[in-house]
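So the structure is just underneath, and the comments pick up after that.
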Amino acid sequence: LIGYIKGFQNGGEVVDSYYKSLKKDTVSATTIPASAPKPVAVKTQQKITWGGPQLWDAVNKRRVQLGVNPMQVKDEICTIASIRLNQILDLGNLDGHKGFSDMPQDRADLKWIFEKYNLSEFLVSGATSPEEAVSLWENTLGHKELMSGGQYVWGCIYAQSGYGVAVAAY
């Protein structure tokens, strides 16, 4: 910056002589000093190309493989799952089911759904495929009921950006 300013003040002479002096002391772009830190491998994020419909199919497929009935969609349950996914996406992480637990008090317009059905919520994050999400649920003590729990007859699943919300009911 100083050379630029002085160059303007002196008609460019200082700038020209400054850059000419650099040429003899310049380090080649391919030269790496011995003290330079070693390159670190950067983990690239895999693009998420699946969503709720693919996860719904994967869950019901696994339920059938385990000898359990596939769940049927209920629109009012989809309302809960949709709201919950949006809450989680806004947070940027899972909330330990807090939003689900608080929903009957926070949303009086939805309280009737909680009164009509016995609802359970299943959350997942970081899955790179619907099958991986199913595996994560199936291999977690409290969540494997989604796959093997024959009591669940209705449900809905929303998923986006590696987050999944399943709401199941009986």
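The values are calculated or read from the model by the stated rules, or taken from the named source; none is laboratory data. For clarity, every value in this text was computed on a predicted model and none was experimentally measured. FYI the Cβ positions are ideal-geometry reconstructions off the backbone, even for glycines, and counts take in every protein chain you see. Protein only, heavy atoms only, side chains kept; ligands, DNA and RNA dropped before computing areas. Shrake-Rupley method; radii C 1.70, N 1.55, O 1.52, S 1.80 Å.
Observations on the structure shown:
- Between S135 and S148, the simple spin-label model (points 7 angstrom out along Cα→Cβ) gives 1.8 nm.
- Solvent exposure of the range 105-170, expressed per residue, is 48 Å² of accessible area, with all protein chains present and a 1.4 angstrom probe.
- In terms of overall dimensions, the C-alpha atoms belonging to the range 125-170 reach 28, 20, 14 Å along their principal axes, ordered largest to smallest.
- Split the accessible area of the range 41-149 by element, probe 1.4 Å, and carbon with sulfur accounts for 50%.
- Q72-W112 pseudo-label distance in nm [points 7 Å out on the Cα-to-Cβ vector]: 2.0
- Cβ-based net charge around S148, under 12 Å, with every Lys or Arg adding one and every Asp or Glu removing one: +1
- Per-peptide average of other Cβ atoms within 10 Å, ordering 61-67, 84-90 highest first: 84-90, 61-67
- Annotation: amide H-H contacts under 5 Å for R107 (H modelled 1.01 Å from N, sequence separation of 5 or more, or interchain): none.
- Pair Q87, D57: separation of 7 Å Cα→Cβ label points (nm): 2.9
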